[in-house]
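Beneath this line is the structure, given in structure tokens, with notes to follow.
The values are calculated or read from the model by the stated rules, or taken from the named source; none is laboratory data. Everything numeric here is computed off the predicted structure, so don't read it as measured data. We place every Cβ from the backbone using ideal geometry, glycine too, and count neighbours over all the protein chains shown. Ligands, DNA and RNA are stripped out before the accessible areas are found, and what is left, the full protein with its side chains, is counted by its heavy atoms. Shrake-Rupley method; radii C 1.70, N 1.55, O 1.52, S 1.80 Å.
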Amino acid sequence: MALRTRFAPSPTGFLHIGGARTALFCHLHARAHGGTTILRIEDTDLQRSSQEAVDAILEGMRWLGLQPDEGPFFQSDNHQRHLAEARRLIDEGRAYRCVCTVAELDAMREEQRQKGIKPRYDGRCRHRPPDQTTDLPSVIRFKTPSTGHVSWNDLIQGEIRFDNNELDDLVLVRSDNSPTYNLAVVVDDHDMDITLVLRGEDHISNTPRQIHLLEALGYRRPDYAHMPLLHGSDGAKLSKRHGAVSVLQYREDGFLAVAVNNYLVRLGWSHGDQEFFTMTELENLFDVTRLGRSATIFNREKLLWLNGQHIRASQPHELTHELSWHLERLGLPNPGPETLSSIIPHFQERSKTMAEMAEKCRFLLVDDLPSYDQEAIRRHYAPDLHPPLEALQQRLQQLNDHSWNPAHIESTFKSVLADHHLKMGKLAQPVRIALTGTTVSPGIYETLLLLGKNKTLLRLQQGLDHFSTLARQETQST
Ligand code: GLU
């Protein structure tokens, strides 16, 4: 039977890094095995679900490149079908109405606790005649088998077994007539022909209940694969303070989707000692059955390192879309994909994130520099540098447009250095500050080349004016 798997988030918050990992594994396993992915939004808890969360999940998945083959489907649309299946179970003697009040249930649990028994529903309404329950508020409970056991061969965890006497009679429909998670999931997985249920190991305790339920309903049992959860470096379950923030926050921080995916896959899965994978490689190689069973530690530093590797290994045109997104975020002009493709190679080596790359491109894209690093000017400029800087400016002016290339720019610099008995660093740093406002930029010749002759000369002039004014003010005030 063809593989069909689903990602089934509850829209009660953004798509965080743990949820993204589940979505990614569903996607990759399906791709590598010729299967189909389905997105099912589990919005049955209407109080806690929101459209905003649905949108954030869809956007997060889109950014990561994990669009489902089918869906999104909304679980709440199948409400009537869930209820109909619960009623069918009552008709077939596999479920019953329970009219126990909250006070009665509390008293029952208290009594069990006093006797030293694990608190669980004791099934007292199983045998109540139906005419005693019809007019009372009730829930629908499933008649869980009370003897024997249930087991399955988990594709990640191996054989898992539960004794039935550990499970009590599960509520299928609440007193407000809303289906519970276990009922809705079992019915939907069946109706959507799901063959593989891949989810976090926090759902393991639901699985024996779901297996009993699907067997009572006469459904085929899917395969189950429960993934180990992510933990922070202190060993605790991943939380906000460890980086369990929205995946879109990772985008804002400048991570590439492919690097996030690569990193998440490597947490628990390996292919020899290969660290770096493209999406296509992962879509061919990934196999959920080869995931390790132990909890995995999320390490942001490692992700940052991998991000730098992906930035460096990408073709410039593969980065233009993401760079454009960051430029827009920073309110910087966007010269278009073609120009960006020609600029990007000058920044790939130096940028660990795309946000950093966008910042580094700022000097090239704006008409006027917003400011200068004053501290850098103090460190790298002194009035005796004014004559060589002016000489450089004049000689650059004499280069015609055809000569605005690395060789001519270099020989112009060298002639000024020779005439003024200066070392390169002495001249290059104030030039860099004048051109970019900072001391960080691509190589000095590249910087001039990228800016072009007009902008270079204009900025040199503005920089020199600014430097000398600053120097004058400082001598006056001392
Ligand atoms: N909606 C559940 C959750 O977000 C997942 C249910 C499942 O995968 O069976 O945890």
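The table that follows gives values for the structure above.
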quantity	calculated
Whichever residue in region 10-19 is open to solvent by 10 Å² or more (accessible area, probe 1.4 Å) and more than 20 Å from Y263 (Cβ to Cβ) and, among such residues, is nearest to the ligand (Cβ to nearest atom)	S10
Qualifying residue in region 370-382 (condition: in contact (Cβ under 8 Å) with a residue 12 or more places away in the chain, in contact with a His (Cβ under 9 Å, 6 or more places away or on another chain) and open to solvent by less than 20 Å² (accessible area, probe 1.4 Å))	yes
Any hit, region 196-203, residues being more than 12 Å from the ligand (Cβ to nearest atom) and open to solvent by 20 Å² or more (accessible area, probe 1.4 Å)	no
Among the candidates F277, F286, residue that is hydrophobic (A, V, I, L, M, F, W, C) and closer than 20 Å to L15 by Cβ	F286
Members of region 216-228 found to be touching a residue at least 60 places away in the same chain (Cβ under 8 Å) and open to solvent by less than 40 Å² (accessible area, probe 1.4 Å), listed by number	A216, L217, Y224, A225, H226, M227, P228
Pair list, Cβ < 9 Å and 6+ apart or interchain, from region 395-407 residues that are modelled with pLDDT under 95 to residues that are of a type in the set (D, E)	P406/E446
In region 206-215, residue farthest from the ligand (Cβ to nearest atom) [restricted to those that are of a type outside the set (A, V, I, L, M, F, W, C) and touching a residue at least 40 places away in the same chain (Cβ under 8 Å)]	H212
Qualifying positions in region 176-188 - in contact with a Ser or Thr (Cβ under 9 Å, 6 or more places away or on another chain) and either away from the ligand (no atom under 11 Å from the Cβ) or open to solvent by 10 Å² or more (accessible area, probe 1.4 Å) (or both)	S178, P179, T180, Y181
Set T22, T36: member being hydroxyl-bearing (S, T, Y), more than 16 Å from the ligand (Cβ to nearest atom) and within 23 Å of T280 (Cβ to Cβ)	T36
Per-region count, region 419-459, residues buried (at least 16 other Cβ atoms within 10 Å of the Cβ) and either among the polar types (S, T, N, Q) or in contact with a strand residue (DSSP E or B) (Cβ under 7 Å, 6 or more places away or on another chain) (or both)	7
Residue within region 34-41 that is polar (S, T, N, Q) and within 17 Å of A184 (Cβ to Cβ) present	no
Subset tally (residues that are open to solvent by 90 Å² or more (accessible area, probe 1.4 Å) and either touching a helix residue (DSSP H, G or I) at 6+ places or on another chain (Cβ under 6 Å) or charged (D, E, K, R) (or both)) for region 107-123	4
